[in-house]
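The values are calculated or read from the model by the stated rules, or taken from the named source; none is laboratory data. From a predicted model like this one, the values you see are computed outputs, not experimental measurements. Positions of Cβ are backbone-derived with ideal geometry, glycine not excepted, and every protein chain shown enters the neighbour counts. These area figures cover heavy atoms from the full protein model, side chains too; ligands, DNA and RNA do not enter into them. Shrake-Rupley method; radii C 1.70, N 1.55, O 1.52, S 1.80 Å.
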Amino acid sequence: MLKVDHASVHFEADDGRIVHALDRVSLDIPDNGFVVALGASGCGKSTLLNAIAGFLPLSDGVITLNGKSVVGPGADRGVVFQKDTLLPWKNVIDNVALGLKFAGIPKLEQHRRSAELLKLVGLADFANAFPYELSGGMRQRVGIARALATEPDILLMDEPFGALDSLTREQMQELLVSVWKKTGKRVFFITHSVEEALFLGTQVIVMSPRPGRIVARFDLDFVNRFAESNDAREIKASPEFTNLREEIRALLHGAHDIRSAAE
Ligand SMILES: Nc1ncnc2c1ncn2[C@@H]1O[C@H](COP(=O)(O)OP(=O)(O)O)[C@@H](O)[C@H]1O
Ligand SMILES: [Mg+2]
């Protein structure tokens, strides 16, 4: 279980004012959970992810992973960002193997595990290619394989498909669902696309800015239905999906009112 308990993060802006980027956010990500944080730019989504990753300290509250307090980065959390962080001078398989190399795993085993992961993300034939030879979607697939290589407990993904064209983006969503189902990893995923959030999440949390808070939570089943039917279009066109999408859009546009109402 990943547990975020009343987490707050305050930044001091250049003019000395305090920015409440995250305000008493609590959330649980159970085994096999796929939790999506949804919200407009600036509502603290990346701050929350970076705190879970251990890249930045909380001002208040605690984050625990399997009962252990998060105090810094660790191999138990794999991170994927919007911009790929592949090393351009290394080929695909060596990029995937990077974390294993740092962990001191023998070269043969590094390559065996990395080749398996490349198969998982549909890039078995690109092991020897270099990043510049790959499309944006393929580079993100390498990023996912690399994040999985050290066998983390959770995948942390900060708008990983935000820079992709819409068709590639949908293909990547479907690929991620299959990776999630096959590996059984828990996932924390950030997006500002309502449709992406609804399609992927077993739970969607909607955030509002300044201070960054959770204003609504939804438990969803669309992703499990997709895993069974493999028909994304049918699910996204269903009245249940489109109604909820409009409801959440309205909520996001009126997030400020909702927040005041909750106080
Ligand atoms: N290092 C920082 N110093 C000061 N303010 C920051 C810093 N990082 C983020 N912020 C502010 O915190 C708020 C939340 O930022 P962020 O978590 O990046 O939002 P999101 O990812 O939802 O777009 C924003 O108002 C942003 O300007
Ligand atoms: Mg962000």
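Points to keep in mind about this one:
- Residue-averaged [θ]222 nm for the chain, counting only DSSP H segments that reach four residues, each worth -39500 (n - 2.57): -12000 deg cm²/dmol
- Lysine-lysine proximity count for the chain, Cα under 19 Å, sequence distance 8 or more or distinct chains: 12
- Considering only the chain, percent of DSSP beta bridges that pair antiparallel, nearest 5: 55 percent
- For region 164-212, a/c is not less than 1.5, where a ≥ b ≥ c are the root eigenvalues of the C-alpha gyration tensor, and a/b does not top b/c. That puts it in the oblate class.
- Going by accessible surface with a 1.4 Å probe and the largest first, 183, 85 read 85, 183.
- Rough spin-label spacing in nm, given labels placed 7 Å along Cα→Cβ, for residue 132 and residue 28: 5.0 nm
- Where only C-alpha atoms are counted, convex hull volume of region 160-263 per residue in Å³: 111 Å³
- Pairwise FRET efficiency - residue 62 versus residue 210, Cβ, R0 = 25 Å, nearest 0.05: 0.60
- Paramagnetic reach from residue 75 in region 137-167 [backbone N under 13 Å; point 7 Å along Cα→Cβ]: 148-153
- Full-stretch length increase - residue 109, residue 227 - with 0.36 nm per residue and alpha-carbon distance subtracted: 39.4 nm
- The chain: DSSP helices with Cα axial extent of at least 27 Å and average Kyte-Doolittle hydropathy no lower than -1.0: none
- Under the simplified labelling scheme, the residue 249-residue 168 pair shows an inter-label distance of 2.6 nm, with each label point 7 Å from Cα along Cα→Cβ.
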